[in-house]
Each structure stands twice: as C-alpha cells, then as structure tokens.
1. Using a 1.4 angstrom probe, figure out how much accessible area the chain has per residue, in square angstrom, rounded to the nearest whole.
2. How much net charge surrounds Val1 when only other residues with a Cβ under 12 Å from its Cβ are counted (Lys, Arg +1; Asp, Glu -1)?
3. Under a point spin-label approximation (7 Å from Cα along Cα-to-Cβ), what is the Thr121-Val85 distance to one decimal in nm?
4. Per the 1.4 Å probe, what fraction of the accessible area of region 15-69, in percent, lies on carbon and sulfur atoms?
5. Could you tell me how far the Cα centroid of region 63-88 sits from the Cα centroid of region 1-55, in Å?
6. Please return the longest range in the chain lying between exposed loop sites, taking trypsin sites (Lys or Arg not before Pro), DSSP loop only, at most 11 other beta-carbon atoms within 10 Å, and leaving the sites out.
Amino acid sequence: VQLQASGGGLVQPGGSLRLSCTASGGAFRSYAIGWFRQTPGKDHEYVAAIRQNGISYYGDFAKGRFTISRDNGKNTVYLQMNSLVPEDTAVYYCAGGSRIILSSLSRMSAYDYWGQGTLVTVSS
C-alpha cells in the first residue's frame, strides 16, 4: 500500500490545520493508521493512531487538541489539529500496518508502510 500525506503549511499560533493521509494499492479498511512527527535533531514522536474499528488513540500532547478520523470510502485518514503552538512545528508522517496490537500503536517499528511527510510550521 502507498500512503500520501498532505495538508501541511504555515499557520499562526492558535490556528488549525487538517492533515490527510490517503492510501492506494491496498485494502485500506484492514490497516491501522498512525501519525508521527519529527523536528530537526529529535526523534520521531507519536501523535495519534486510529485502528481498523475506528477507535482512536493519542499521544499525551495531542489529547484535547488533535482529532484523528478515517473515511474508508475515501481511503483517507484525517488529523485535525487545533490550538496549534510553535512547538507543533514538525514534519508529520502517516504510517499504516495491518497487524498492530493496541500496545504497539505508538511504536514506529509496528508500522509497515510510510508516507513521505508533510511540513507543518506554526509561526507568527
């Protein structure tokens, strides 16, 4: 399966962005999708994930501000990001896997497929 992340851009502090992760070439419904982010000089950070059954999970910093959702008819997972702060500036990657247990959703190594990343810049 191929994943395409999009929707990044420049936004002011306090603003919102919606990222999309669109899949092709596979059975989208059978994949859990996760979002990770990376800033220069730092390791990848888990943002959120949504399982095949639609149940979503979040990293601590994302709870209450970010919402992950999926539209299986469009083969797309969305990451709605609100109340953005400069510390949210990063390249955001989506990833997919079909056999990820709950306790591994936050681990990069659990995912089989990765998108190319989309840059989010939060700045005034």
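1. Working: 6200 Å² over 124 residues.
Accessible area per residue, the chain: 50 Å².
2. Details: positive: Arg29; negative: Asp112.
Residues close to Val1 contribute a combined charge of 0.
3. According to this spin-label approximation, the distance is 2.1 nm.
4. Values: 1250 of 2670 Å².
Answer for region 15-69: carbon and sulfur cover 47 percent of the accessible area.
5. What the calculation gives is 8 Å, centre to centre.
6. Values: sites that count: Lys42, Lys63, Arg99.
The segment 1-41 is the longest one with no such site.
The values are calculated or read from the model by the stated rules, or taken from the named source; none is laboratory data. This one's a predicted model, so the numbers in the text were calculated from it and none came from an experiment. Glycine also receives a Cβ, built like all others from the backbone with ideal geometry; neighbour counts cover every protein chain displayed. For accessibility, only protein heavy atoms count, side chains too; no ligands or nucleic acids. Shrake-Rupley method; radii C 1.70, N 1.55, O 1.52, S 1.80 Å.
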